[in-house]
1. Could you please give the count of residues in segment 109-122 that are free of Cβ contacts under 8 Å to residues at least 40 places away in the same chain and not in a helix (DSSP H, G or I)?
2. Identify the residue in segment 183-231 that is closer than 20 Å to G48 by Cβ and charged (D, E, K, R) and, among all such residues, is surrounded by the fewest Cβ atoms within 10 Å (Cβ to Cβ).
3. In contact with a Pro (Cβ under 6 Å, 6 or more places away or on another chain), free of Cβ contacts under 8 Å to residues at least 60 places away in the same chain and outside any helix (DSSP H, G or I): is that true of L187 in this structure?
4. Test each condition in (1) buried (at least 20 other Cβ atoms within 10 Å of the Cβ); (2) not hydroxyl-bearing (S, T, Y); (3) not in a loop (DSSP other than H, G, I, E, B) for E241 and report the one that comes out false.
5. Give segment 87-112 a look and list any residue that's within 14 Å of G49 (Cα to Cα) and among the polar types (S, T, N, Q), or say none.
6. Among the residues that make up segment 250-257, is at least one of them in contact with a strand residue (DSSP E or B) (Cβ under 9 Å, 6 or more places away or on another chain), modelled with pLDDT under 95 and crowded, with 16+ Cβ neighbours inside 10 Å?
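The values are calculated or read from the model by the stated rules, or taken from the named source; none is laboratory data. Because the structure is predicted, anything quoted here is derived from the model rather than measured. Cβ sites come from the backbone with ideal geometry, for glycine too, and all protein chains shown count toward neighbours.
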Amino acid sequence: MLKPFKVDGMEWTRRTALQAALACAAVGPALAEPAPRATSRLILLGTGGGPTPKAGRSAPAQVIVVGGDAYVIDCGNGVARQLVIAGVPLKSLRSVFLTHHHSDHNADYGNLLLLSWAASLSTPVDTYGPPPLKRMTKLFLEMNDVDIRTRIADEARRPLADLIRPHEIAGAGPVMRDANVTVTAALVEHPHLSPAFAYRFDCPDRSIVISGDTRPCEALVALARGADVLVHEVMYLPALEALIVSEPNAKSLKAHLLASHTPVEEVGRVATAAGVKTLVLSHFVPGGLPTIPDEVWLAAVRPHFSGPIIVGRDLLEL
């Protein structure tokens, strides 16, 4: 057995020391240092929750950019325009992930692909989400067939259908891996839509978890364990009561929201249970007018999470 010894506080055996020395000699001193890790950018494209357009917040969407490649999570109304405003080229789109099939999360799924193609996208895009993602993709292409065929003929474009590779995921586990990210899904609880997913992106420099829409659940806590950043939906119950009182379906709407989303205090508890480093609030319910001040959200979360808390806003980059 080789007896270990210590150098600069690190434990070595003679064999590992020799292997390290040979490796450095093989590549030369200029290349012995490890290559710098790629830096990830997380941009909150839209932070409002719910299907109705809002003056102060765009519909739910995020993008993670690594190595010049863009990975979009959820496609609320206006996601392509938000990407352009954020300075993310549409032609850099590499993958799209849908957490679930509520319209505030998928309304512009097809439009993002179509508009990116119109903006010179020429590389394939893999899309991921619950069934029936493949049928949705097919029907969107059929709906826009006249425009697509015309642009192929007039502008010599590659057929859009050749660039879209939809993948349906029905359960938790690994989703995809490439040179930039490893993506894992968890099944979250969002009645009455199933399956609904949260996604974890393990990037070269950090881990980022997007909760999707969910009530508090252990699956999300497990997925987010030790993550650097957790972007979590949030609901403020006192303002919710005032918001829905005038709705004709107030009773049913309130029951749905309480069963399907996470009150702001519970978001803090989820983040603490998962041991995440930074908590980012997004998908605000209510997210329209009158605006709830940042201080209100922070005050509700702080007793339950001691780490950094960021109240999200549209186009905020982290």
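1. So the first thing to find is which residues in segment 109-122 are free of Cβ contacts under 8 Å to residues at least 40 places away in the same chain, and the list is 109-111, 115-116, 118-120.
Pick out the ones that are also not in a helix (DSSP H, G or I) and you get 119-120.
Of the residues in segment 109-122, 2 are free of Cβ contacts under 8 Å to residues at least 40 places away in the same chain and not in a helix (DSSP H, G or I).
2. R215
3. Working: in contact with a Pro (Cβ under 6 Å, 6 or more places away or on another chain): yes; free of Cβ contacts under 8 Å to residues at least 60 places away in the same chain: yes; outside any helix (DSSP H, G or I): yes.
For L187, the condition - in contact with a Pro (Cβ under 6 Å, 6 or more places away or on another chain), free of Cβ contacts under 8 Å to residues at least 60 places away in the same chain and outside any helix (DSSP H, G or I) - is met.
4. The number of the failed condition is (1).
5. Looking only at segment 87-112, we keep the residues that are within 14 Å of G49 (Cα to Cα), and these are 99-107.
Answer for segment 87-112, where residues must be within 14 Å of G49 (Cα to Cα) and among the polar types (S, T, N, Q): T99, S103, N106.
6. Within segment 250-257, the subset in contact with a strand residue (DSSP E or B) (Cβ under 9 Å, 6 or more places away or on another chain) is 257.
From what is left, the residues that are modelled with pLDDT under 95 are 257.
Narrowing the set further to residues that are crowded, with 16+ Cβ neighbours inside 10 Å leaves 257.
Yes: segment 250-257 contains one or more residues that are in contact with a strand residue (DSSP E or B) (Cβ under 9 Å, 6 or more places away or on another chain), modelled with pLDDT under 95 and crowded, with 16+ Cβ neighbours inside 10 Å.
Conditions (1) under 16 Å from the mean Cα position of the chain (by Cα); (2) crowded, with 21+ Cβ neighbours inside 10 Å; (3) not in a helix (DSSP H, G or I), marked per residue:
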| position | (1), (2), (3) |
| --- | --- |
| L281 | yes, yes, yes |
| G288 | no, no, yes |
| W297 | no, no, no |
| S306 | no, no, yes |
